[in-house]
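K.L.:
Sharing a structure here in structure tokens format.
Since every read-out is calculated from the coordinates, none of them should be taken as a lab result. Small disclaimer: the values here were computed from a predicted structure and weren't measured. Glycine gets a Cβ as well: all are built from the backbone with ideal geometry, and neighbour counts include every protein chain shown.
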Amino acid sequence: MSVTIPEGARVVFGRPELLLDRTTHYCPGCGHGVVHRLVAEVLGELGLGPRTIAVAPVGCAVFAYEYLGVDFVEAPHGRAPAVATGIRRVRPEAFVLTYQGDGDLAAIGTGEIVHAAARGELLTAVFVNNGIYGMTGGQMAPTTLLGQRSTSTPLGREASLHGYPVPMTEMLAVLPGVAYAARGSVADSVAIGRTKRYLRRACEVQLEGRGFAIVEVISNCPVGWGMTPQASIERLKEVVATAYPPGVIVDRTASAPAAPAPAAGATAAGGAAPGEPDAPAER
Ligand SMILES: Cc1ncc(C[n+]2csc(CCOP(=O)(O)OP(=O)(O)O)c2C)c(N)n1
Ligand code: SF4
Ligand SMILES: [Mg+2]
């Protein structure tokens, strides 16, 4: 839909070019749409649209290729990092991005993400953690919090029966191949702005050839959580962000050797400056 801007008016907010003008299949209030928008903004600002090959997940974001104006490959459930590795091998000039939910990345695809990270694959991984299997009807995921009700834990997740939640990004961050790992949130505009900075930095890390970069985004699933969109945002802020605190988890880019991909050139400054609250100590 094209909009005529009146003469003299200044545009302060608009749809990023890489976010396509499509009717969404997401439920009202779902966080996936916010993450799509941030990915579209960052890829556009870095001029990466034409050289991006993204890998779509299985999960509610399976139709990510309908909304983002970049080339996509659809991976089987959990296999996005393996498919992305293949793309990286045969198309070294491409910018390669994966997008996965928590069931996809932290359950069926645990092996793929761990080994892609361990190899230090030059990938930018976007990991949308809504703490549940949204697409299949709200079953427990590895990330489901203790006490959280789901269709497969109707009385709430109990450690003695279902085990403990898996802090996937912290686990990946101990691997030396991981150049950058951060966790953002879609809870409010401040958190969303910070998440965009993390995503931008994770893209730059690939452009600089420094290694594997991942941004987890804690997100809401109002339908799977059985809540209104507003209540789900409150839960995201009050409960989920306590269990999975946002911030930069590891940043090894100062010590990681730079080996830019052949066609790299669209790098820009960004990320947390030393001394900023979300700047981590190097581990
Ligand atoms: C090999 C295989 N196993 C299981 C499924 C069923 N399945 C589809 S989506 C999904 C979970 C999705 O959860 P998540 O990755 O957290 O994405 P969300 O929908 O919450 O965004 C599962 C188990 C499948 N499609 N393929
Ligand atoms: S089920 Fe949850 S994750 Fe899936 S579209 Fe609906 S709100 Fe979003
Ligand atoms: Mg999920």
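K.L.:
Just the residues that are crowded, with 23+ Cβ neighbours inside 10 Å and either within 16 Å of ligand 3 (Cβ to nearest atom) or outside any helix (DSSP H, G or I) (or both), please, taken from the stretch 104-119.
P.N.:
Once the filter is applied, which keeps residues that are crowded, with 23+ Cβ neighbours inside 10 Å and either within 16 Å of ligand 3 (Cβ to nearest atom) or outside any helix (DSSP H, G or I) (or both), the stretch 104-119 yields D104, L105, A106, G109, I113.
K.L.:
Now for a separate question. Keeping to the stretch 129-146, report how many residues are farther than 14 Å from S232 by Cβ and in contact with a His (Cβ under 9 Å, 6 or more places away or on another chain). Walk me through it before giving the result.
P.N.:
Within the stretch 129-146, the subset farther than 14 Å from S232 by Cβ is 133, 135-137, 139-144, 146.
Of the ones still in play, those that are also in contact with a His (Cβ under 9 Å, 6 or more places away or on another chain) are 140, 144, 146.
So the count comes out to 3.
K.L.:
Pick out the one residue from V223, V217, V190 that is β-branched (V, I, T), within 16 Å of ligand 3 (Cβ to nearest atom) and over 20 Å from A117 (Cα atoms). Give the derivation first.
P.N.:
Details: V217 fails: over 20 Å from A117 (Cα atoms); V190 fails: within 16 Å of ligand 3 (Cβ to nearest atom).
Within the list V223, V217, V190, the selection yields V223.
K.L.:
Checking D21 against (1) of a type in the set (D, E); (2) more than 16 Å from ligand 2 (Cβ to nearest atom); (3) in contact with a helix residue (DSSP H, G or I) (Cβ under 8 Å, 6 or more places away or on another chain): exactly one of these is not met. Which one?
P.N.:
All conditions pass for D21, except number (3).
K.L.:
On to the next question. Of the residues that sit in the stretch 205-244 and are polar (S, T, N, Q) and away from ligand 2 (no atom under 16 Å from the Cβ), which one is farthest from G138 (Cα to Cα)?
P.N.:
Here is the first cut: in the stretch 205-244, the ones polar (S, T, N, Q) are 206, 219-220, 228, 230, 232, 242.
Checking which are away from ligand 2 (no atom under 16 Å from the Cβ) leaves us with 206, 242.
Details: Q206: 34, T242: 21 Å.
Among residues in the stretch 205-244 that are polar (S, T, N, Q) and away from ligand 2 (no atom under 16 Å from the Cβ), the one farthest from G138 (Cα to Cα) is Q206.
K.L.:
Could I ask something else about it? Considering the stretch 174-196 alone, what residues qualify as being among the hydrophobic types (A, V, I, L, M, F, W, C) and either farther than 20 Å from L145 by Cβ or not in a helix (DSSP H, G or I) (or both)?
P.N.:
First pass over the stretch 174-196, keeping only residues among the hydrophobic types (A, V, I, L, M, F, W, C): 174-175, 178-179, 181-182, 186-187, 190-192.
Within the stretch 174-196, V174, L175, V178, A179, A181, A182, V186, A187, V190, I192 meet the criteria.
K.L.:
Among the residues of the stretch 120-146, what is the count of those that are within 8 Å of ligand 3 (Cβ to nearest atom) and touching a Phe, Trp or Tyr at 6+ places or on another chain (Cβ under 6 Å)?
P.N.:
Initial filter on the stretch 120-146 (within 8 Å of ligand 3 (Cβ to nearest atom)): 128-135, 141, 143.
When the remaining residues are screened for being touching a Phe, Trp or Tyr at 6+ places or on another chain (Cβ under 6 Å), the result is 141.
Going through the stretch 120-146 one residue at a time, the tally reaches 1.
K.L.:
State which residue pairs qualify: first residue touching a residue at least 40 places away in the same chain (Cβ under 8 Å) and assigned to a helix (DSSP H, G or I) and inside the stretch 197-224, second residue hydroxyl-bearing (S, T, Y) and surrounded by fewer than 23 Cβ atoms within 10 Å (Cβ to Cβ) in any location, beta carbons under 7 Å apart, and separation of 6 or more residues or different chains.
P.N.:
E204/T267; V205/T253; L207/T267; P222/T228
K.L.:
Here is a follow-up. Anything in the stretch 164-173 that is surrounded by fewer than 22 Cβ atoms within 10 Å (Cβ to Cβ) and assigned to a helix (DSSP H, G or I)? List them, or say none.
P.N.:
Answer for the stretch 164-173, where residues must be surrounded by fewer than 22 Cβ atoms within 10 Å (Cβ to Cβ) and assigned to a helix (DSSP H, G or I): E170, M171.
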